[in-house]
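Peer 1: Got a structure for you, written out below as structure tokens; questions coming shortly.
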Amino acid sequence: MDVVILMGSKSDLDFAKKIGKVLEDFNVEFCYRIASAHKTPEKVLEIVREYSEAVFITVAGRSNALSGFVDANTLNPVIACPPYSEKFAGLDILSSLRMPSGVAPLVVLEPENAAIAAVKILAMKNAELRKKISEYQTKKRMEIEEADSSLC
């Protein structure tokens, strides 16, 4: 498994599927898992051990202990992608940004960008993914160029 999208609860699934869609577009092998740092910490540790070679993308809102907990228990890259919450005016993002020393999950707010970050990490040792990322970036540049040229 290349990427594990680890959610804090089933309510995160719709948000996590946006990440999965992009990973599918790059033909990256991934799976969805659910475990809570607060409610089922032992299960989180089991998942971290089970996928010892994976990039983790954690999806948990409110008090996002999941991202830091996973990061503190693996040598692998961890990308926190917390869903935005209107309920707290977005301030729950602070639980993803403020980590103790030595705990360093990356925080990426947009699901597409979290998937791209994971693909770029994997592409460091995968020539095929490097080519796909290069093509993706070229496509994004062309979209800007086309938008600009349509204005003149």
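No value in this document is a laboratory result; all are computed from the given coordinates. All values derive from a computational prediction rather than experimental measurement. Here Cβ is always computed from backbone atoms with ideal geometry, including for glycine, and neighbour counts include all displayed protein chains.
Peer 1: For region 6-50 and region 73-148, what is the separation of their Cα centres, given in Å?
Peer 2: Using only Cα atoms, the two centres lie 15 Å from each other.
Peer 1: Using the alpha-carbon atoms, what tilt in degrees (0 to 90, nearest 10) does helix 111-123 show relative to the longest principal axis of the chain?
Peer 2: 90
Peer 1: Report the label-to-label distance for residue 27 and residue 94 in nanometres (one decimal), using points 7 Å from each Cα along the Cα→Cβ vector.
Peer 2: In this crude label model, residue 27 to residue 94 measures out at 4.6 nm.
Peer 1: To the nearest 20 debye, what charge dipole does the chain have about its Cα centre, counting +1 at the Cβ of each Lys and Arg and -1 at the Cβ of each Asp and Glu? Kindly include the intermediate steps, with their values, before the conclusion.
Peer 2: Numbers: 19 positive and 21 negative charges, 64 e Å.
Computed charge dipole of the chain: roughly 300 debye.
Peer 1: Mind sorting 152, 81 by how few other Cβ atoms lie within 10 Å of their own Cβ, fewest first?
Peer 2: On the way: 152 4, 81 30.
Arranged by neighbour count, lowest to highest, 152, 81 become 152, 81.
Peer 1: If you take the beta carbon distance between residue 125 and residue 49 as r and set R0 to 22 Å, what does 1/(1 + (r/R0)^6) give as a FRET efficiency, to the nearest 0.05? Walk me through the numbers on the way to the answer.
Peer 2: Details: r = 22 Å, r/R0 = 0.99.
That gives a FRET efficiency of 0.50.
Peer 1: Note the full-extension length gain between residue 84 and residue 142 as 0.36 nm times their separation in residues minus their Cα-Cα distance, in nm to one decimal. Walk me through the numbers on the way to the answer.
Peer 2: Numbers: separation 58, 0.36 × 58 = 20.88 nm, distance 2.95 nm.
Working it through step by step, the gained length comes to 17.9 nm.
Peer 1: Could I ask something else about it? Packing-wise, with mean Cβ within 10 Å as the measure, how do 51-61, 19-29 rank, highest first?
Peer 2: Descending packing order for the listed peptides: 51-61, 19-29.
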